Amino acid sequence: MAIIETKDLTKVFGKLIAVDHVSFAVEEGEIFGFLGPNGAGKTTTINMLTTLMNPTEGSAKVAGFDIVKDANKVRSLIGLVPQDLTVDEDLTGMENMMLQAMLYHVPKDVAKKRIEEVLRLVELEDAANRKVETYSGGMRKRLELAEGLIHYPKILFLDEPTLGLDVQTRTVIWDYIKKLKEERGMTIFMTTHYMEEADALCNRIAIIDYGKIRALGKPKELKDGIGGDVIELALFDNSKDFSEAIAKMPYVIDVKRKSETYKIKVAKGEEALPNIIEGILKMNLKVSTVSLIKPTLDQVYLEYTGRSLRENEGNREEVMRMMRNIRRARQ
Ligand SMILES: Nc1ncnc2c1ncn2[C@@H]1O[C@H](COP(=O)(O)OP(=O)(O)O)[C@@H](O)[C@H]1O
Ligand SMILES: [Mg+2]
């Protein structure tokens, strides 16, 4: 069953169409990712779905409720962990959580137990009484995650949950996100511009660029969709070019020989590989090295947007945010 459903969802800022007639459905219990570069329209989409901003055109339902007409109902069922830092540095983790509980009208007697529980979930119980200014970047993000969970939301929105964190800390956050889905059956809508993150976490991904969805599917489907795996193979006998013979083998789409390596484009890599090796042995040749290379989401992204996602990293927005945080920390 679709728990989020949008129809031609659109947001216009002046002359800029930030989100352009976007239609998609998120199934209950899945992790759904919006993958795209900065300025693609990810945060704007989250802002509309979480009722912080009204659409210019189109509509969306979240847990069965209209984001404009039933905004209050929607708000009570969702949790949001925004892109920017939201915790108060001068307060302890516990105090931040108590504020959040008050904001969401969690009754006092329930709040204490819940705070303990969600802090335990993100393993911050030992740091709960320390001021947030002593926390690492990863600990702050975990506290923000805990804040988003205080009212037991049905759906959690995560806007770039690991932006600016180092790779190791990032994988720790991934584990918490997976736990929420697996142990609590929570539906998660997240945005990211990290390919590995979308690949590691999301059941399905929409690639968004210039406000439009360019591709949507399971990571594997998207990868398969761009046409085939590549087998890289070298032979002991380099006296001749065997490309033509290899090209005639089953599953083979295309063969290129570059120096002494054959790059063989194939359908269904796992099935093709043993067949090709067998074919080569039958020709009385010996394989010296072989590897199967699967397409990456990077390639998928390039295919659908015509540019590499990597070009967008280390951008101005991220630098500005870091500057803001540094300034805030110094005050
Ligand atoms: N409040 C706003 N006013 C004007 N333009 C905005 C506003 N918010 C976002 N934009 C613009 O809309 C586009 C999409 O922004 P955003 O949704 O934040 O992208 P993302 O989260 O994918 O980086 C960008 O070009 C951005 O500059
Ligand atoms: Mg954003």
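List the residues, sorted by chain then number, that are 5 or more residues from Arg214 or on another chain and whose placed amide H is less than 5 Å from its amide H.
Counting only residues 5 or more places away or on other chains, the set is Ile207, Ile208, Asp209.
Restricting everything to alpha-carbon atoms, can you work out Rg to Rh for the chain with a Kirkwood hydrodynamic radius?
On the way: Rg = 24.1 Å, Rh = 22.3 Å.
Taking Rh as the inverse mean 1/r over Cα pairs, Rg/Rh reads 1.08.
Percent relative contact order of region 98-179, based on C-alpha pairs within less than 8 angstrom and at least six residues apart?
On the way: 49 pairs, mean separation 26.0, N = 82.
With pairs under 8 Å counted, the relative contact order is 32 percent.
Rounded to the nearest 500, what is the 222 nm mean residue ellipticity of the chain from helices alone, with -39500 (n - 2.57) per DSSP H run of 4+ residues and division by all residues? It would help to have the intermediate numbers written out before the result.
Numbers: 12 runs with 127 residues, N = 331.
Taking each H run of at least 4 residues, the total per residue is -11500 deg cm²/dmol.
For the chain, what is the relative contact order in percent, using Cα pairs closer than 8 Å and at least 6 residues apart in sequence? Kindly include the intermediate steps, with their values, before the conclusion.
Numbers: 595 pairs, mean separation 61.8, N = 331.
This gives 19 percent for the chain.
Please report, in cubic angstrom per residue, the volume enclosed by the convex hull of the alpha-carbon atoms of region 228-294. Walk me through the numbers on the way to the answer.
Numbers: hull volume 4.8 nm³, N = 67.
Value for region 228-294: 71 Å³ per residue.
Between helix 167-184 and the chain, what is the angle of the helix's C-alpha long axis to the longest principal axis, kept within 0 to 90° and rounded to the nearest 10?
Rounded to the nearest ten degrees, it is 70.
Among Glu232, Glu160, Glu270, which comes first, then next, by fewest other beta-carbon atoms within 10 Å? Intermediate results must be reported in sequence, preceding the final value.
On the way: Glu232 14, Glu160 24, Glu270 10.
Fewest to most other Cβ atoms nearby, the residues stand as Glu270, Glu232, Glu160.
So which lysines can Lys265 reach, going by Cα to Cα under 19 Å and dropping same-chain residues fewer than 8 places off?
Reachable lysines: Lys220, Lys223, Lys248, Lys256, Lys294.
Taking the Cα-to-Cβ direction at Thr134 and at Asp66 and moving 7 Å from each Cα, how far apart do the two end points lie in nm?
Distance between label points: 5.1 nm.
Set Lys and Arg Cβ to +1 and Asp and Glu Cβ to -1, take the dipole of region 23-169 about its Cα centre, and tell me which of His151, Gly137, Asn96 lies farthest positive.
His151
Give, as a single signed number, the net charge of other residues whose beta carbon lies under 10 Å from the beta carbon of Thr45, with Lys and Arg counted +1 and Asp and Glu -1.
Neighbour charge sum, excluding Thr45 itself: +1.
What ³J(HN,Hα) values, in whole Hz, does the Karplus curve 6.51 cos²θ - 1.76 cosθ + 1.60 give for region 79-87 when θ = phi - 60°, with x put for Gly and Pro?
With the stated coefficients, region 79-87 comes to x, 10, 10, x, 5, 8, 4, 10, 7 Hz.
Nearest 10 degrees is fine. How inclined is helix 316-330 to the longest principal axis of the chain, computing both from alpha carbons?
It works out to around 40 degrees.
Could you tell me the relative contact order of region 136-201? Use alpha-carbon pairs under 8 Å, at least six residues apart, and round to a whole percent.
Details: 49 pairs, mean separation 26.2, N = 66.
About 40 percent, as a whole number.
Once phi is turned into θ = phi - 60°, what whole-Hz ³J(HN,Hα) does the Karplus curve with 6.51, -1.76 and 1.60 give for every residue of region 20-30, x standing for Gly and Pro?
10, 6, 9, 10, 7, 10, 10, 7, 4, x, 9
Have a look at Ser288, Ser259, Met249 and report the one farthest towards the positive end of the charge dipole of region 228-294, computed about the Cα centre with Cβ charges (Lys/Arg +1, Asp/Glu -1).
Going by the Cα projections, it comes out as Ser259.
How much of the DSSP bridge set in the chain is antiparallel, in percent, rounded to the nearest 5?
Numbers: 39 of 57 bridges.
Around 70 percent of the beta bridges assigned by DSSP in the chain are antiparallel ones.
Order of Thr56, Thr305 from fewest to most other C-beta atoms within 10 Å?
On the way: Thr56 14, Thr305 20.
In increasing order of surrounding Cβ atoms, one gets Thr56, Thr305.
If we count every other residue with Cβ under 15 angstrom of Gly211's Cβ, Lys/Arg +1 and Asp/Glu -1, where does the sum land? Could you put the intermediate results ahead of the total?
Working: positive: Lys11, Lys15, Lys42, Lys212, Arg214; negative: Asp8, Asp20, Glu57, Asp209.
Here the count lands on +1.
As an exercise, identify the trypsin sites (Lys or Arg not before Pro) in region 28-79 lying in DSSP coil whose Cβ has no more than 16 other Cβ atoms within 10 Å. Could the numbers behind the result be given before it?
Working: sites: Lys42, Lys61, Lys69, Lys73, Arg75; in loops: Lys69.
Filter output for region 28-79: Lys69.
Listing Thr50, Thr261 from the residue with the fewest other Cβ atoms within 10 Å to the one with the most, what is the order?
Thr261, Thr50
Mind checking the angle between helix 108-121 and the chain's longest principal axis? C-alpha axes, 0 to 90 degrees, to the nearest 10.
20
Counting only other residues whose beta carbon sits under 13 Å from that of Glu244, what net charge do I get with K and R as +1, D and E as -1? Intermediate results must be reported in sequence, preceding the final value.
Values: positive: Lys240, Lys248, Lys256, Arg257; negative: Asp241, Asp254.
Residues close to Glu244 contribute a combined charge of +2.
Values in this text are rule-based calculations from the coordinates and carry no lab data. All values reported here derive from a predicted model rather than from experimental measurement. When we count neighbours, we look across all protein chains shown, and the Cβ atoms used for this are built from the backbone with ideal geometry, even at glycine.
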